Amino acid sequence: MNTVIRIATKDDARFVNDVYGYYVTNTNVTFYTKNFSLEAHTEKIEKTLVNYPFYILEVEGVPCGFAYASALRPQDAYQWTVEATIYLSPDAPKRKGLGRMLYQKLLDTLQAQGFQTVFGVITGTNEASLQMHRSMGFAQAGRFHRMGNKGGAWLDVVWMEKTLAVLDDHPDPPIPVSVYTAQ
């Protein structure tokens with residue numbers, strides 16, 4: 001199986017829109033009940049790539065997943081901490097380690113950029129994602145009970161965390177991905 005992980009472009013917005021729309025409509029993996037517009041997904045890719053990685057996974061030349069990072073909180077003291085997000089297309093090949101491969105690429109880039117901690121925020125019923133996070137060295141940082149109601153069900157949210165690096169008390173700011181990928 002020929003796989004490639006590449007940096008997203010604005011041309012990937014349709015794929016991201018379609019995959020995310022599937023999860024919005026058919027699952028409780030996201031708490032959104034309406035998909036964003038194509039323009040919003042295009043803008044998200046472009047804005048993310050200023051500071052954080054946004055990757056597309058292709059299998060045999062066909063996009064099958066995406067993963068990206070974002071700021072956890074806007075305050076400066078949080079700049080070494082990020083939230084990671086991953087989605088695989090519903091028709092992506094199953095049980096081939098694709099999610100793990102894509103997520104590892106994201107984590108490796110974040111570590112090289114100088115981030116210290118990464119969080120995954122997961123619906124409590126999404127056992128596949130929880131298991132993947134655990135297998136990749138994440139630990140549960142907290143569980144928030146009945147945080148949202150979607151499809152007539154109250155859902156928990158689990159925060160998983162992973163330390164990428166232990167930084168000294170006066171760390172340099174993380175390297176923006178736009179600078180990191182240009183090196």
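What follows draws every value from the coordinates through simple rules; no lab data is involved. It should be emphasised that the depicted structure is a prediction, and the values quoted were computed from it without experimental measurement. Positions of Cβ are generated from backbone atoms using ideal geometry, with glycine treated the same way; all protein chains shown enter the neighbour counts.
Side notes on the structure shown:
- Residue count for segment 141-178, restricted to those that are over 15 Å from the mean Cα position of the chain (by Cα) and farther than 21 Å from Q79 by Cα: 15
- Hits in segment 72-87 - residues which are in contact with a Gly (Cβ under 7 Å, 6 or more places away or on another chain) and free of Cβ contacts under 8 Å to residues at least 60 places away in the same chain: A84, I86
- Selected residue (criterion: surrounded by the fewest Cβ atoms within 10 Å (Cβ to Cβ)) from residues of segment 14-53 that are closer than 23 Å to M1 by Cβ and touching a strand residue (DSSP E or B) at 6+ places or on another chain (Cβ under 7 Å): F15
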